[in-house]
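> Sharing a structure here in structure tokens format.
Where a number appears in this text, it was derived from the coordinates with a stated rule and is not lab data. Because the structure is predicted, anything quoted here is derived from the model rather than measured. Cβ placement follows ideal geometry from the backbone for every residue including glycine, while neighbour counts extend to all protein chains displayed.
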Ligand code: AMP
Ligand code: GLY
């Protein structure tokens with residue numbers, strides 16, 4: 001069958017790459033894709049908020065199944081739109097997408113179903129938020145409600161930092177943030193845990209550890225993710241049982257009580273404190289760069305898994321994983337996550353040779369007159385999957401050193417806890 005993938009990041013390139021290997025996939029179209037997907041699929045440059053245009057393109061190109069990479073179209077209701085058509089769509093509907101789109105929705109769900117998470121207060125106006133800051137413990141976490149591409153979170157060591165954060169959010173730094181969440185700071189180690197669900201059955205879809213801070217030793221500003229490794233070093237069967245019983249099952253049952261069921265990837269962002277899981281956030285999609293890190297170690301046909309989800313037949317599929325250790329390092333434009341130069345030339349990219357256990361997924365790139373240009377904050381993802389994290393990391397760093405691009409930077413310490 002012909003498949004459409006919505007999105008243009010490293011996550012979407014890795015989905016495209018993996019679906020290319022699928023026995024049920026014929027041709028792939030990316031809306032709009034990047035310079036990497038252009039090599040293996042057909043990029044279609046249209047506005048992804050224009051669902052009608054996507055639909056007419058699907059009709060024209062005989063696309064039978066759409067996979068949604070990023071959260072925004074999901075939060076905006078793309079799944080409801082396509083449910084009215086003959087085209088299958090993989091991803092959660094608008095109500096379920098509130099798990100990512102609204103931090104207050106999720107916090108209320110946690111409270112109702114006793115899902116372990118940090119204690120929190122919600123404020124709709126600046127004055128009461130600032131007032132609360134005078135009588136609370138530090139460090140604490142200030143968050144803008146709504147989608148902020150991983151950047152609407154401030155870890156505040158003292159009242160001064162917290163005041164600045166609250167003011168920035170109410171001043172509209174992230175657009176129309178209606179309210180601010182002030183949360184207890186959880187002191188532990190993070191783990192990204194994934195499941196895939198067809199609405200009736202859900203299955204484990206690996207773990208990873210993302211490095212969200214821009215600087216080495218996990219310092220500096222939060223980003224979308226500077227690199228990751230999979231599986232997470234924190235994963236064990238006892239913890240897995242706790243995550244399922246305390247977080248995933250109550251959440252999916254809580255969602256059912258709202259009259260809907262969850263279909264798609266679910267990303268559970270956890271803080272692990274003494275082998276106990278606490279929910280930090282849900283995302284209603286795969287992680288980026290976790291997806292690029294995880295998919296190369298997936299053994300089962302991804303096309304078959306996703307089609308089974310759309311047909312509510314996930315129960316029939318066994319998801320198998322290679323016993324490999326995967327490391328992904330993200331190459332970014334200088335200045336990211338703040339301002340950066342666009343349209344800088346990446347030299348010699350075509351000459352990079354990859355072994356069969358090495359992968360290069362594009363993110364913010366385009367091809368112009370045969371040259372690769374960087375057009376985003378996160379630009380390339382380099383992945384290696386070997387029998388040890390040490391070797392995988394060494395391989396990624398070797399490739400990165402071969403890429404000739406003065407305007408870029410990467411963290412040399414990705415996966416430092418396991419290497
Ligand atoms: P979020 O967008 O909610 O996932 O937050 C982004 C990042 O901020 C997380 O991945 C954590 O590194 C950090 N963070 C968020 N909430 C907390 C918390 N309550 N305690 C400690 N760190 C947090
Ligand atoms: N890597 C974090 C995210 O995808 O939200």
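> Which residue, 87, 196, 382, tops the fluctuation ranking in a GNM of the chain built on C-alpha contacts under 10 Å?
87
> With springs only between Cα atoms under 10 Å, which of 313, 256, 350 fluctuates most in a Gaussian network model of the chain?
With Cα springs under 10 Å in the chain, the top fluctuation among 313, 256, 350 is at 350.
> Give me 362, 113, 13 ranked fewest to most by other Cβ atoms within 10 Å of their Cβ, as a rough exposure proxy. Don't skip to the answer; put the middle values down first.
Values: 362 30, 113 16, 13 34.
If I rank by nearby Cβ atoms, fewest first, I get 113, 362, 13.
> Right, here's the next one. Could you please rank 273, 75, placing first whichever residue has the fewest other Cβ atoms within 10 Å of its Cβ? Walk me through the numbers on the way to the answer.
Numbers: 273 13, 75 20.
Result, fewest neighbours first: 273, 75.
> Moving to a separate point now. Among 51, 389, 194, determine the one that fluctuates most according to a GNM of the chain built with springs between C-alpha atoms less than 10 Å apart.
51
> With N residues in segment 290-419, what two-decimal value do you get for its Cα radius of gyration over 2.2 N^0.38 Å? Don't jump to the answer; show the numbers that get you there.
Numbers: Rg = 16.8 Å, N = 130, 2.2 N^0.38 = 14.0 Å.
It is 1.20.
> Taking the highest mean first, how do the peptides 212-220, 15-23 order by number of other beta carbon atoms within 10 angstrom per residue? List each step's numbers first, then the result.
Working: 212-220: 14.7, 15-23: 19.3.
Descending mean neighbour count gives 15-23, 212-220.
> Oh, and also: In what sequence do 47, 301, 402 fall when counting other Cβ within 10 Å, fewest first?
Details: 47 10, 301 18, 402 13.
Going from sparsest to densest Cβ surroundings: 47, 402, 301.
> Using a ≥ b ≥ c from the Cα gyration tensor of the chain (square roots of the eigenvalues), is it rounded, prolate or oblate, where a/c under 1.5 gives rounded and otherwise the larger of a/b and b/c decides, a/b for prolate? Don't skip to the answer; put the middle values down first.
Details: a/c = 1.39, a/b = 1.18, b/c = 1.18.
Note, shape of the chain comes out rounded.
> Hey, another quick one. Given the rule -39500 (n - 2.57) for each run of at least 4 DSSP H residues, summed and divided by the residues of the chain, what is its mean residue ellipticity at 222 nm, to the nearest 500 deg cm²/dmol? Working shown, then result.
Details: 13 runs with 116 residues, N = 419.
Per the formula, -8000 deg cm²/dmol.
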